[in-house]
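The values are calculated or read from the model by the stated rules, or taken from the named source; none is laboratory data. Note that the structure is a prediction, hence the values are computed from the model and not measured. Positions of Cβ are generated from backbone atoms using ideal geometry, with glycine treated the same way; all protein chains shown enter the neighbour counts. The accessibility values were calculated without ligands, DNA or RNA, using every heavy atom of the protein model including side chains. Shrake-Rupley method; radii C 1.70, N 1.55, O 1.52, S 1.80 Å.
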Amino acid sequence: QQEKEDLQGKLKLREHLSQTAGKSEATPAPSKNIDSEMKQLQCKLKSSNTETTKQSTTIKSLRNQVQEKEEWIRELQAKISQLERDLTMKRYLIEDLRSHLKANQENEKTSNETLESLARKVKALAEDKKASIESLKQRFNVAIKEKSQYEQMYHKAKDELEKKDLKLTKLKSKMIETECAMTDLETAASQQLHGLAKQSAQALETLQKELLLTSDKVEEFKTFVKTLTRELHHSVQELRTKIKLAKKMGGMKVCKKGLSQECLQLAASILNVSTTDLYEILQEGDDEETAKTKMEFEKDKEWLQHIQKLLEAQFPFASYLMDAVLEKLNEKKKLVEEYSSLMKHTV
């Protein structure tokens, strides 16, 4: 503004000088310089005017900004006062919350204990669920396999059905042809059926008779096997008793050599028994012979039970029965040989 005022003053002086120079024509050279200076000064004035307008606009904008900032400061002060109020309220709330926190911490201890027990239960339940899930997965896999198998079976059945449908269409055409022939055959078949019914009734009667005969034969076979096994058992027992008697008779002869016949007869007459019975009484203390006889009796019992089981068993059982009978026959053969050798020695 000061520069503007200075320039305006200078301009006024220049204008005054130019007016005075126009009056006095004696000095033409300096008037040109004054005009040029005037133009420069006018340009400077214009530029200064533009600058002043700019600065005035900036000043106005700055004033507006200052007003806005003052309003913002007021708002901030109001907010600060409100925040201070909030702070006091929050302090009261914090104290209240601290008291609540202490109570909550005490409650938390009890809740933690309950949570631990619940966590254990949850773990147990989770393990049970895992086991159940694994079993369900296995069942699901089995079901998927079965589903695939059923699907394959379904496709096969579908293909077979299509083939059968084709066959059915062919058969229907043939059925129409055969129905005509069937009416003719029915009359002949009914006559033949009457004859066949009579023949089948006769055949059934014959079959029933044969079944009764076969059942009787089976019973006879069983009685034969039972009697055969009993006879074998009795013959083996008799041979054993004969062998024992032969061995005892041999012992009797040895004793007779040591003792006189008169002494033996005298002892037998006193006891009112025969001489052989006397020798048996003398030989009763043999424990090995009694144990052997018990073992032989048990074996014979087991053999009879084995044959009874074979007879009651399902077919085929002939080979097993033959083996059992041959076993007893071989035993009998050995006993016969032993008895014959003993008899030779005794004679």
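With the structure loaded, tell me whether Ser190 is touching a residue at least 24 places away in the same chain (Cβ under 8 Å) and part of a helix (DSSP H, G or I) or whether it fails that test.
On the way: touching a residue at least 24 places away in the same chain (Cβ under 8 Å): no; part of a helix (DSSP H, G or I): yes.
No, not satisfied.
Inspect all residues belonging to region 54-62 and state whether any of them is over 26 Å from Gln2 (Cα atoms), modelled with pLDDT of 85 or more and out of contact with any Ser or Thr (no Cβ under 6 Å at 6 or more places or on another chain). Give the derivation first.
At the first step, the residues of region 54-62 found to be over 26 Å from Gln2 (Cα atoms) are none.
Within region 54-62, not a single residue is over 26 Å from Gln2 (Cα atoms), modelled with pLDDT of 85 or more and out of contact with any Ser or Thr (no Cβ under 6 Å at 6 or more places or on another chain).
For residues that are hydroxyl-bearing (Ser, Thr, Tyr) and in contact with a helix residue (DSSP H, G or I) (Cβ under 7 Å, 6 or more places away or on another chain), scanning just region 35-86, find the one that is surrounded by the most Cβ atoms within 10 Å (Cβ to Cβ).
Kept after step one, since they are hydroxyl-bearing (Ser, Thr, Tyr), are these residues of region 35-86: 36, 47-48, 50, 52-53, 56-58, 61, 81.
Still in the running and in contact with a helix residue (DSSP H, G or I) (Cβ under 7 Å, 6 or more places away or on another chain): 48, 52.
On the way: Ser48: 16, Thr52: 13.
The residue in question is Ser48.
If you check Arg230 against the conditions, is it open to solvent by less than 100 Å² (accessible area, probe 1.4 Å), among the basic types (Lys, Arg) and closer than 30 Å to Ser319 by Cα?
Numbers: open to solvent by less than 100 Å² (accessible area, probe 1.4 Å): no; among the basic types (Lys, Arg): yes; closer than 30 Å to Ser319 by Cα: yes.
Considered against the rule, which asks whether it is open to solvent by less than 100 Å² (accessible area, probe 1.4 Å), among the basic types (Lys, Arg) and closer than 30 Å to Ser319 by Cα, Arg230 comes out as no.
So, of the residues in region 298-321 that are aliphatic (A, V, I, L, M) and loosely packed, with under 14 Cβ neighbours inside 10 Å, which turns out to be farthest from Glu231 (Cα to Cα)? Let's see the steps before the verdict.
As a first pass, look at region 298-321 and keep what is aliphatic (A, V, I, L, M): 304, 307, 310-311, 313, 318, 321.
From what's left, loosely packed, with under 14 Cβ neighbours inside 10 Å: 313, 318.
Details: Ala313: 22, Ala318: 19 Å.
Among them, the one singled out is Ala313.
Determine whether region 332-345 contains at least one residue that is open to solvent by 100 Å² or more (accessible area, probe 1.4 Å), at pLDDT below 85 and assigned to a helix (DSSP H, G or I). Give the steps one after another, and end with the answer.
First, pick out the residues of region 332-345 that are open to solvent by 100 Å² or more (accessible area, probe 1.4 Å): 333-334, 337, 344-345.
Adding the requirement that they be at pLDDT below 85 leaves 344-345.
Now narrow it down to the ones that are assigned to a helix (DSSP H, G or I): 344-345.
Within region 332-345, one or more residues are open to solvent by 100 Å² or more (accessible area, probe 1.4 Å), at pLDDT below 85 and assigned to a helix (DSSP H, G or I).
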